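As structure tokens, the structure follows; a few thoughts come after it.
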Amino acid sequence: MDYKTMRDRIEDMAKDNHKDFVKAVISMEKGINDESALDKLYDAFMANDIINLLHEDFDYMIEDLREQGQIKDLPYVKEEKDNLVNIVGNVVGEVDVVERENKNGEAFKVANFSVVSKDDDGNKVYHNCSAYGEKSDIPKDFKQGDFVKLFGQLRTSIDDNGKEHSNVRIFSSKLLKAKEQMKEQDKSQEIAKLKSEIEEREKDLFYADSWEQSGQIRADIEKMKAKLNTLTGSEKGKENDKKSILGAIKEYQAGDKQKPKEGKEKPKEAER
């Protein structure tokens, strides 16, 4: 079957049942089989005129759903045929870039790095990865803590001592979120969680059975508010520091201007 025939058939499928067609493409491309998650992704796709079916924003949407626990059947490591694997996880340590030569004496680069992901039970799984030649262009710039998506082939070998070693040869890679973005996202989520907890505890005050219980609730609220202020007040603190410094400078300048005036008044008193 040639390209044009396949394209015509795909167009017919899209016209026949557009929603299921879009869901099928997302499922095939992103490895998602959760029906409710696919419905949410379809709604998001239809609500955005800019996103197409191959748009990278789907990766962000998928990660948001995963973080909310709304994707139940997508493992962070998905094994496919011929030992091909999809890995989504965080970079561990530094990327080691080395230069080698092939049989023809031509130089090429290899980026070696490790990624930690989670299995279906939430256990951490570490993967040693290697990207060769042009496949190393993206991984060579990965930083520790970066959230990445990888596709490659799992290879295993046994050394002279009988110990098994595994390595994933990377075919494609993508930076989903840099470490700084991950930190900022975690901070935003923690702030939102604290605000929600404070609101709940404030509601509990109305149903307190005694002064003792009321006092405990107030103490809890104060602790949470202090933590919230620590998270949200760092930038304000910096601004306040700047204002304090500027205020001190202005006070110094104002005091310095007063000194010459006092000096001029003294001779007048002496003349008298």
Per the Kirkwood formula on distinct C-alpha pairs, the Rh of the range 178-234 is how many angstrom?
12.5 Å
Order the peptides 186-196, 217-227 from the highest to the lowest mean number of other Cβ atoms within 10 Å of their residues.
217-227, 186-196
Per residue, how big is the convex hull of the range 84-176 when only Cα atoms are used? Give it in Å³.
117 Å³
Past 22 Å, Cα to Cα, is the threshold; run Lys118/Lys227; Lys19/Lys149; Lys193/Lys227; Lys118/Lys193; Lys203/Lys223 against it and keep the listed order.
Lys118/Lys227; Lys19/Lys149; Lys118/Lys193
Solvent-accessible surface ranking, highest first, for Asp8, Asp146 at 1.4 angstrom
Asp8, Asp146
Of the listed pairs Lys140/Lys195; Lys174/Lys195; Lys143/Lys163, those with alpha carbons more than 32 Å apart are Lys140/Lys195; Lys174/Lys195
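The values are calculated or read from the model by the stated rules, or taken from the named source; none is laboratory data. Computed from a predicted model, the values in this text were never measured in an experiment. Note that we place each Cβ from the backbone using ideal geometry, even for glycine, and neighbour counts take in every protein chain shown. All accessible areas refer to the heavy atoms of the entire protein, side chains included, with ligands and DNA or RNA removed. Shrake-Rupley method; radii C 1.70, N 1.55, O 1.52, S 1.80 Å.
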